[in-house]
Amino acid sequence: MTQPRIVVVGGGAGGLELVTRLGRKLGKRQRADIVLVDRNPTHIWKPLLHEIATGTLDSGLDEVSYQGHSKHNGYRFQRGTLNGIDREARTITLEAIVDDDGTVVLPARQIEYDYLVLSVGSVSNDFGTPGVADHCHFIDSPHQAEAFRQDMLNTFLRYSDPERRTHPKLTVGLVGAGATGVELAAELFGASRMLHSYGFTALDSGKLEVHLIEAAPRVLPALPERISRAVHGELERLGVKIHVDTRVTEANEHGFITADGEPLETDLSVWAAGIRAPAFLSELGIATERNHQVKVNQTLTSVDDDRIFAFGDCAACPQPDDKRVPPRAQAAHQQATQCYHNLRAAMDGKPLKPFVFHDRGSLISLAHFEAVGSLMRGASARSLFIEGRLAKLFYASLYRMHQMAIHGLFKTAMTVVVDGLNRYLRPKMKLH
Ligand SMILES: Cc1cc2nc3c(=O)[nH]c(=O)nc-3n(C[C@H](O)[C@H](O)[C@H](O)COP(=O)(O)OP(=O)(O)OC[C@H]3O[C@@H](n4cnc5c(N)ncnc54)[C@H](O)[C@@H]3O)c2cc1C
């Protein structure tokens, strides 16, 4: 009997956890052929991107090679970018892979599936604001985070030559005070202090000016007010200039223009104001929302096709209170588990179970300075406010939990030891 084939597209926070579990439980026992498709050769946990963007984390040390990981976890890896689904023939199409000179390395390919899972994440939403695509950095992928880091280092170098300074202070404008904007703002101060200690002496945190611009009346508008207030205070203490109730209407080579016509000149501009699913999802022939998220049932199956599952940031999954599951790593983690059980149920002809999101709380990291957040207490769902070292510890444990899901306990414990050693052996940030 031929094994059913499950193809998972997108090896991110949710997809890699799912494929690891499928590979270990079904792939290794030859009960199913498990295939992971990702456009990148390596995985990096997305909530680390702001640390990669400032160099406080070296992506080379934390990235996971899909090819290497697949060998030990019972699945196969195919590098490629999904751009089409033929639901009748049950095949997906991957774009041709071309090198930097435009030479085709691998032509467009098709892969057959019995079950298809879409977990392709999200991208920043510029809401069509003029100039943003051309003049702002986005921090959506390791590639973009690295591009920001290079530009940041060059800007810092330029600043060290008084003749080449464009402003008396090095000015960074961040649009969007959600988790990405807030964490990046704090991380920039951490990075400037470290760079100062590594010889960028022209720059210190007193010469860095970070503007955080938010259209809502407070920072972290999606999180409880108490967290928002605490984070606001911490950011101001660091020196971040916060502009709430301020809508950016244009970006240009000089910086930003706000709705009341005020210009804000910047040396570096970042857009982190909201997310949407990748636009290609709306061209696959399955129902999507206006923000391109795949419309799924609570069981994570597409409303049009019960052979197609979608979860994580790219799916609009309804909840009993009529809200949608929020686009967060903890939601992708919980959905990966549910998707695994529902795939198995579908293969065995059993009924699928609805996914219910359990909010375990929210934590915001403010570089090495602080972390602030809340944890949910059991079934009562009452939240417990935490900050300082304890919050930092819980924040770090989120990544360790992801590592446990993809590497297991022993390898994760080894990684903790290696990370500790690296703190002594290597510079505290990536400097090249
Ligand atoms: C800077 C930053 C900080 C964050 N901090 C937090 C936090 O503290 N807590 C929290 O809960 N959440 C946080 N988030 C949100 C969290 O990262 C996402 O909700 C989570 O990663 C979503 O997981 P996912 O599996 O849906 O997608 P992702 O993790 O984004 O993975 C998507 C994968 O799909 C691949 N892919 C995309 N398109 C294609 C294609 N066409 N073909 C093939 N492969 C494709 C990508 O390469 C990627 O590997 C943060 C996000 C950012 C950017």
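See the values below:
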| item | result |
| --- | --- |
| Segment 225-249: number of residues that are modelled with pLDDT of 95 or more and in contact with a Phe, Trp or Tyr (Cβ under 7 Å, 6 or more places away or on another chain) | 1 |
| Yes/no for Ser397 being at pLDDT 85 or above, surrounded by fewer than 16 Cβ atoms within 10 Å (Cβ to Cβ) and out of contact with any Lys or Arg (no Cβ under 9 Å at 6 or more places or on another chain) | yes |
| Some residue of segment 138-147 being touching a residue at least 12 places away in the same chain (Cβ under 8 Å), more than 16 Å from the ligand (Cβ to nearest atom) and at negative phi | no |
| Cross-chain or 6+ apart pairs with Cβ under 6 Å, segment 372-397 first and within 14 Å of Arg226 (Cα to Cα) and among the acidic types (Asp, Glu), then modelled with pLDDT of 80 or more and within 13 Å of the ligand (Cβ to nearest atom) | Glu387/Val372 |
| Answer residue from segment 65-75, given it is under 24 Å from His341 (Cβ atoms) and touching a residue at least 12 places away in the same chain (Cβ under 8 Å) and is farthest from the ligand (Cβ to nearest atom) among those | Gly74 |
| Verdict on Val294 being in contact with a Leu (Cβ under 7 Å, 6 or more places away or on another chain), on the phi < 0 side of the Ramachandran plot and within 13 Å of the ligand (Cβ to nearest atom) | yes |
| Residue within segment 341-359 that is outside the structural domain of Ser59 (by TED's automatic domain parsing), surrounded by fewer than 20 Cβ atoms within 10 Å (Cβ to Cβ), at pLDDT 85 or above and in contact with a Ser or Thr (Cβ under 8 Å, 6 or more places away or on another chain) present | yes |
| Cβ pairs under 9 Å, 6+ apart, first in segment 307-329 and part of a loop (DSSP other than H, G, I, E, B), second hydroxyl-bearing (Ser, Thr, Tyr) and within 11 Å of the ligand (Cβ to nearest atom) | Phe311/Ser119; Pro327/Ser122; Arg328/Ser362 |
| Members of segment 267-301 found to be free of Cβ contacts under 8 Å to residues at least 40 places away in the same chain and in a strand (DSSP E or B), listed by number | Thr288, Lys295, Val296 |
| Residues of segment 30-59 satisfying the condition of being aliphatic (A, V, I, L, M) and either closer than 28 Å to Gln110 by Cα or away from the ligand (no atom under 12 Å from the Cβ) (or both) | Ala32, Ile34, Val35, Leu36, Val37, Ile44 |
| Some residue of segment 332-355 being in a helix (DSSP H, G or I), in contact (Cβ under 8 Å) with a residue 12 or more places away in the chain and farther than 30 Å from Val296 by Cα | no |
| Residue count for segment 163-215, restricted to those that are within 23 Å of the chain's Cα centre (by Cα) and among the aromatic types (Phe, Trp, Tyr) | 1 |
| Segment 28-43 residues that are assigned to a loop (DSSP other than H, G, I, E, B), paired with ones that are buried (at least 24 other Cβ atoms within 10 Å of the Cβ) (beta carbon under 6 Å, 6 or more apart) | Ala32/Ile6 |
| Pairs where the first residue, in segment 80-98, is exposed (fewer than 15 other Cβ atoms within 10 Å of the Cβ) and the second is assigned to a loop (DSSP other than H, G, I, E, B), C-beta under 8 Å, 6+ apart | Asn83/Glu95; Ala96/Pro107; Ala96/Ala108 |
| Which listed residue, of Thr249, Thr180, is assigned to a helix (DSSP H, G or I) and not aliphatic (A, V, I, L, M) | Thr180 |
| Residue check for Gly173: more than 16 Å from the ligand (Cβ to nearest atom), touching a Leu at 6+ places or on another chain (Cβ under 9 Å) and closer than 19 Å to Ala53 by Cβ | yes |
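Residue-wise test of (1) more than 12 Å from the ligand (Cβ to nearest atom); (2) not aromatic (Phe, Trp, Tyr).
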residue: Phe77; (1), (2): no, no
residue: Gly80; (1), (2): no, yes
residue: Pro107; (1), (2): yes, yes
residue: Gln110; (1), (2): yes, yes
residue: Tyr113; (1), (2): yes, no
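This table checks each residue for (1) touching a strand residue (DSSP E or B) at 6+ places or on another chain (Cβ under 7 Å); (2) over 21 Å from Ala32 (Cβ atoms); (3) among the hydrophobic types (A, V, I, L, M, F, W, C); (4) within 16 Å of the ligand (Cβ to nearest atom).
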{"residue": "Ile308", "(1), (2), (3), (4)": "yes, no, yes, yes"}
{"residue": "Pro318", "(1), (2), (3), (4)": "yes, yes, no, no"}
{"residue": "Asp321", "(1), (2), (3), (4)": "no, yes, no, no"}
{"residue": "Ala332", "(1), (2), (3), (4)": "no, yes, yes, yes"}
{"residue": "Gln338", "(1), (2), (3), (4)": "no, no, no, yes"}
{"residue": "Gly349", "(1), (2), (3), (4)": "no, no, no, no"}
{"residue": "Lys353", "(1), (2), (3), (4)": "no, no, no, no"}
{"residue": "Phe357", "(1), (2), (3), (4)": "no, yes, yes, yes"}
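The values are calculated or read from the model by the stated rules, or taken from the named source; none is laboratory data. Bear in mind the structure is a predicted one, so any value in this text is a computation, not a measurement. FYI the Cβ positions are ideal-geometry reconstructions off the backbone, even for glycines, and counts take in every protein chain you see.
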